[in-house]
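The values are calculated or read from the model by the stated rules, or taken from the named source; none is laboratory data. Since we're looking at a predicted model, the values are computed, not measured. Cβ placement follows ideal geometry from the backbone for every residue including glycine, while neighbour counts extend to all protein chains displayed. Areas reflect the complete protein model, heavy atoms only, side chains present, ligands, DNA and RNA absent. Shrake-Rupley method; radii C 1.70, N 1.55, O 1.52, S 1.80 Å.
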Amino acid sequence: MSDQQGDSPLKRTPLYDFHNKLNAKMVPFAGYEMPVLYPLGVLKEHLHVREKAGLFDVSHMGQAFLIPADGEFKTAAHALETLAPGNFAILKPGRQRYSQLLNDEGGVLDDLMVTRLGMEGHEHWVYVVVNAACKTRDFALIEKSMPDNVEMKILDDMALIALQGPKAVDVLAGFAPQVADMAFMSSLDLPVSVDEQEMWMHVSRSGYTGEDGYELAIKSKDVETFWRALEAHPDVEAIGLGARDSLRLEAGLCLYGHDIDETTTPIEANLTWSIGKRRRENGGFPGAEKILAQLKDGPARKLVGIKPEGRAPAREGTKVFSTDGAEIGIVTSGGYGPSVGGPVAMGYVSTKHSEAGTALELEVRGKRLPALVQPLPFVAHNFYRKKK
Amino acid sequence: MSKTYYTKEHEWIMVEDGVGTIGITDHAQEQLGDIVFVELPEPGLEVEQGDEACVVESVKAASEVYAPISGEVVEANEALGENAALVNESAETDAWFIKIKLSNADELEELMDKAGYEEFVESES
């Protein structure tokens with residue numbers, strides 16, 4: 001997904017200089033120069049997040065507010081529902097939903113997070129986060145779909161960082177005790193004082209690692225101060241895109257442009273859970289006809305976890321065969337899972353071969369290697385569940 | 001008496017009594033990052049200079065290791081099958097990949113010595 005911006009110069013996040021100070025290895029990604037790893041290295045960064053807490057710069061992602069002038073949240077929510085199959089209209093203040101922007105064939109144009117702000121006086125505001133490589137197109141699409149009385153405000157002056165891992169709660173609660181008891185997929189807007197610098201953050205309890213943690217939207221001018229303060233905690237390490245990818249793969253989370261794209265539907269990608277009940281009954285989103293038919297009859301192929309039985313990783317693009325030699329699918333994400341301690345992959349296989357435990361073969365460098373369909377995630381999610 | 005040579009593809013070969021022990025350089029393992037898998041050929045395989053002889057996979061990608069000289073593979077380092085990370089720890093000693101019985105020692109003349117290799121790495125960066 002790094003080629004959408006073509007040859008235009010790479011953009012930088014507000015933390016670019018700081019990553020260089022940390023001796024990060026910078027690579028082009030989705031039109032940005034991003035840290036792929038720090039001196040710790042992908043393997044140790046990955047394991048650190050699972051054990052303690054990691055800090056990620058994801059400021060390349062697109063952030064925007066949708067602000068209905070009539071003060072009604074539903075005005076923006078219903079307009080978004082014409083683009084995506086999520087049930088946004090029922091979102092309570094401060095709640096967040098994962099969804100997908102779809103094309104007319106039910107293919108995924110992008111996946112996104114949709115939040116109804118919880119802050120008093122702003123409960124009709126919608127906050128969306130989309131992928132960096134797709135953001136220009138996404139925002140054009142969203143803006144076009146909004147009624148005239150909804151203003152879309154792209155947040156070019158906001159950075160986005162993620163603090164992920166079992167210790168994330170203790171680290172962030174040191175700055176804002178309120179975050180400790182936040183529900184998974186909820187958000188707060190609150191002032192925070194960091195090294196005597198006053199700033200605002202929009203914090204959500206969510207992420208892309210399978211661990212408990214937070215994503216923090218902070219003004220670009222304030223983000224380095226906050227990053228430094230968080231990273232100063234002995235349990236926190238800076239984590240690059242390399243470990244972000246292996247963490248999300250072990251967690252069975254889709255990566256746009258790889259596991260999902262314009263040729264895959266949310267049903268095929270096992271994202272049915274993200275389609276609201278009302279939306280399944282009434283449709284009213286792009287590609288609804290195809291998606292509702294797939295819901296009824298089952299899709300012809302499914303995204304599954306694939307566990308190579310040996311030590312060799314099966315990378316994206318690896319062909320998948322049944323044990324009787326028929327080509328039945330393709331790996332869409334694959335590599336080494338540091339917490340699993342071996343290779344892990346996801347890919348599409350024909351539904352007939354999608355049951356957990358089905359034996360498969362992967363063609364790696366001309367050889368057929370044995371593999372099994374394995375239920376996702378590879379590493380159990382460790383999301384926060386409120387104590388009753 | 002052994003002598004060690006280097007290639008532009010960042011392999012080393014230590015030659016002793018007509019057998020070359022081959023691995024990747026410390027510089028190469030640093031560039032590759034955390035190594036998670038090494039694929040080695042079966043002993044008995046005949047290779048030509050420049051052939052793909054092994055594959056080394058890091059967390060990021062798969063890279064080929066080329067035969068610095070022609071000959072017959074006489075041994076592969078079984079220890080790497082159990083512990084590919086050994087390449088990160090001791091690329092130029094314990095983490096050798098294969099041993100090749102040289103079929104044409106003249107090919108060594110095309111390779112670099114340590115000083116030449118260091119200069120080459122310098123010029124690449």
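Scanning for something in contact with a Leu (Cβ under 7 Å, 6 or more places away or on another chain) and within 14 Å of chain B (Cβ to nearest Cβ), does region A:267-276 turn up at least one residue? There is no residue in region A:267-276 that is in contact with a Leu (Cβ under 7 Å, 6 or more places away or on another chain) and within 14 Å of chain B (Cβ to nearest Cβ).
Scanning region A:330-345 for residues that are under 16 Å from A:Lys367 (Cα atoms) and open to solvent by 20 Å² or more (accessible area, probe 1.4 Å) yields a count of 1.
Output yes when any residue across region A:172-179 is over 17 Å from A:Gly118 (Cα atoms) and crowded, with 16+ Cβ neighbours inside 10 Å, and no when none is.
Step one: of region A:172-179, the residues over 17 Å from A:Gly118 (Cα atoms) are A:172-175, A:177.
With the extra rule that they be crowded, with 16+ Cβ neighbours inside 10 Å, the set shrinks to A:172, A:175.
Yes, the conditions are met somewhere in region A:172-179.
Here A:Lys74 clears all of (1) away from chain B (no Cβ under 14 Å); (2) within 30 Å of A:Gly242 (Cα to Cα) except the condition numbered (2). Return yes when A:Leu47 is farther than 25 Å from A:Arg278 by Cβ and either more than 14 Å from chain B (Cβ to nearest Cβ) or surrounded by fewer than 22 Cβ atoms within 10 Å (Cβ to Cβ) (or both) and no when it is not. Answer is yes for this residue. Applying the set (1) assigned to a helix (DSSP H, G or I); (2) out of contact with any Phe, Trp or Tyr (no Cβ under 6 Å at 6 or more places or on another chain); (3) within 25 Å of A:Asn87 (Cβ to Cβ) to A:Arg248 leaves exactly one unmet item: (2). What pairs can you find where one residue is in region B:45-65 and free of Cβ contacts under 8 Å to residues at least 12 places away in the same chain, the other is in a strand (DSSP E or B), and their Cβ atoms are less than 7 Å apart, with a gap of 6+ or different chains? If the second residue must be in a strand (DSSP E or B), the pairs left are B:Ala62/B:Val55. Screening A:Ala53 on (1) aliphatic (A, V, I, L, M); (2) open to solvent by less than 20 Å² (accessible area, probe 1.4 Å); (3) over 19 Å from the mean Cα position of the chain (by Cα); (4) in the same structural domain as A:Lys167 (by TED's automatic domain parsing) shows it passes everything except condition (3). Annotation: of all residues in region A:10-43 being farther than 30 Å from A:Arg137 by Cα and touching a residue at least 60 places away in the same chain (Cβ under 8 Å), the one that is farthest from the other protein chains (Cβ to nearest Cβ) is A:Leu22. I'd like to know if region A:221-228 contains one or more residues that are open to solvent by 60 Å² or more (accessible area, probe 1.4 Å), at pLDDT 95 or above, not in a strand (DSSP E or B) and not β-branched (Val, Ile, Thr). Yes, there is a match, as at least one residue in region A:221-228 is open to solvent by 60 Å² or more (accessible area, probe 1.4 Å), at pLDDT 95 or above, not in a strand (DSSP E or B) and not β-branched (Val, Ile, Thr). Comparison of B:Ala67, B:Ala76 shows that the only residue that is surrounded by fewer than 23 Cβ atoms within 10 Å (Cβ to Cβ) and either away from every other protein chain (no Cβ under 14 Å) or farther than 27 Å from A:Glu45 by Cα (or both) is B:Ala76.
Could you list, in sequence order, all residues of region B:70-125 that are among the β-branched types (Val, Ile, Thr) and in a helix (DSSP H, G or I)? If the condition is that a residue be among the β-branched types (Val, Ile, Thr) and in a helix (DSSP H, G or I), then B:Val87, B:Val121 are the ones that fit.
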